[in-house]
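A short worksheet on the structure shown next.
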């Protein structure tokens, strides 16, 4: 199974619902955000030794997926053979340069792999 085959419908519904703690996503934007997230997962799986960092909107989707713990663990196992860890920047000791490099890696690999630049929106 690949990142493009997992079922994320409940994550989309959660992110668009009024029960979502942050500003809910619109139906118009959620399919784009889902695709960005799937592509980011694909990059993680296909480039396991490359430091990668998501855009803020992809990170928001990733957090929502992680909150659905059983689904997240099952999806990770299916696409990566194990848990995909999320390591947020340490606010007590932020390493901005490493984060910049990891995000640039993401942008470069995204464009090389998918033939278009990483779409940045909503406070990225």
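The values are calculated or read from the model by the stated rules, or taken from the named source; none is laboratory data. Since we're looking at a predicted model, the values are computed, not measured. Note that we place each Cβ from the backbone using ideal geometry, even for glycine, and neighbour counts take in every protein chain shown.
Residues that are at pLDDT 90 or above, exposed (fewer than 14 other Cβ atoms within 10 Å of the Cβ) and within 17 Å of the chain's Cα centre (by Cα) within the stretch 5-30 comprise 5, 7, 9, 10, 13, listed in sequence order.
Looking only at the stretch 28-45, residues that are more than 16 Å from residue 72 (Cβ to Cβ) and without any contact (Cβ under 8 Å) to a residue 60 or more places away in the chain come to 5 in all.
Taken as a whole, the condition of being at pLDDT below 95 and not in a loop (DSSP other than H, G, I, E, B) applies to residue 102. Exactly one residue out of 108, 75 is out of contact with any strand residue (DSSP E or B) (no Cβ under 7 Å at 6 or more places or on another chain), under 28 Å from residue 7 (Cβ atoms), modelled with pLDDT of 95 or more and assigned to a helix (DSSP H, G or I), and it is 75.
Evaluate the following for residue 87: is it exposed (fewer than 12 other Cβ atoms within 10 Å of the Cβ), at pLDDT below 95 and part of a helix (DSSP H, G or I)?
no
Under the condition of being farther than 19 Å from residue 73 by Cβ and in contact (Cβ under 8 Å) with a residue 24 or more places away in the chain, the residues counted in the stretch 8-19 number 1. The residue list 36, 52 contains one member that is within 23 Å of residue 119 (Cα to Cα), under 14 Å from the mean Cα position of the chain (by Cα) and in a helix (DSSP H, G or I), which is 36.
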